[in-house]
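What follows is a set of notes on a single structure, which appears directly below.
No lab work stands behind these numbers, since they all come straight from the coordinates. Everything numeric in this text was worked out from a predicted model, so none of it was measured. Neighbour counts are summed over all protein chains in view; Cβ atoms, including those assigned to glycine, are modelled from backbone coordinates with ideal geometry.
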Amino acid sequence: KYDVVVTGSCNPSATSRQATVSVGTPTAITTQPSAVTVEESKSFTLKVVATGSTLTYQWQRNGQDVAGATSAEYSVTSASQANEGAYTCVVSGGCGVATTSPVTVTVVPSTSVEDELTRNGVVVLGPMPARDYIAVRIATIEPRAWTAVVRDQRGSMVSEQAMGYLPSGVVDLNLQIGSLAAGVYSIELRGGQTTLRTQIVVTR
């Protein structure tokens, strides 16, 4: 708090009222949202992390405000083609406005677990986006030891888990991903000469 004392040739001196000077934190985006590819009728979440004071949020789709989307997370419980588009979040604070980089939400037709398992040999069961774990189902031809490798978007390995000796047939696995940062990752499931690949989205 500041005040000023004014003195002159005559007494008494005069003191101003106190004025308060506050130093605010500039509004800034610290974690950008991640792009999402989601099947129809499945859920997805976009999330932004920002710093600043008295923050407010407004999500936009293709440059237009999304009604009711006024928090740091924007979630849709059942995706449809109407949810596709480029999303940004405008974050306003006491010291400025910051807008996230656009991210794309892509909604693809839903496929049955059986169809995808037959086509790819692996299918993600959920949840998607994932936080602490992701469940996957694989189809194996013969019993063997399997390993799960998780890679980031640059192709660098960020996690490796031994899944043990698995029987032939359809097997469900839970992969622990609690240590991963938010983003899109590829999963490689390796058993002998066989490598199965799929993709997941992690949110925080």
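Below are the figures for this structure:
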item	result
Kirkwood Rh in Å, taken over all unlike Cα pairs in the chain	20.3 Å
Helix-only CD estimate at 222 nm, as mean residue ellipticity for the chain, using -39500 (n - 2.57) per DSSP H run (n ≥ 4)	-1000 deg cm²/dmol
Dipole magnitude of segment 1-127 about its Cα centre (Cβ charges: Lys, Arg +1; Asp, Glu -1), debye to nearest 20	660 debye
FRET efficiency, residue 170 to residue 84 (Cβ-Cβ, R0 30 Å, nearest 0.05)	0.40
Dipole of the chain, positive direction: furthest Cα of 80, 49, 127, with charges on the beta-carbon	49
Value of Rg to Rh for segment 85-201 (Rh from inverse mean 1/r over Cα pairs, i.e. Kirkwood)	1.09
For segment 135-193 and segment 37-73, distance of Cα centres in Å	31 Å
Debye, to nearest 20: dipole size of segment 1-63, +1 on Lys, Arg Cβ, -1 on Asp, Glu Cβ	100 debye
In segment 35-139, the trypsin sites (Lys or Arg not before Pro) that fall in loop regions by DSSP, at most 15 other Cβ within 10 Å	131
Segment 9-50: mean projected area of Cα convex hull, nm²	5.9 nm²
Dimensionless Rg over Rh [segment 132-204; C-alpha; Kirkwood]	0.96
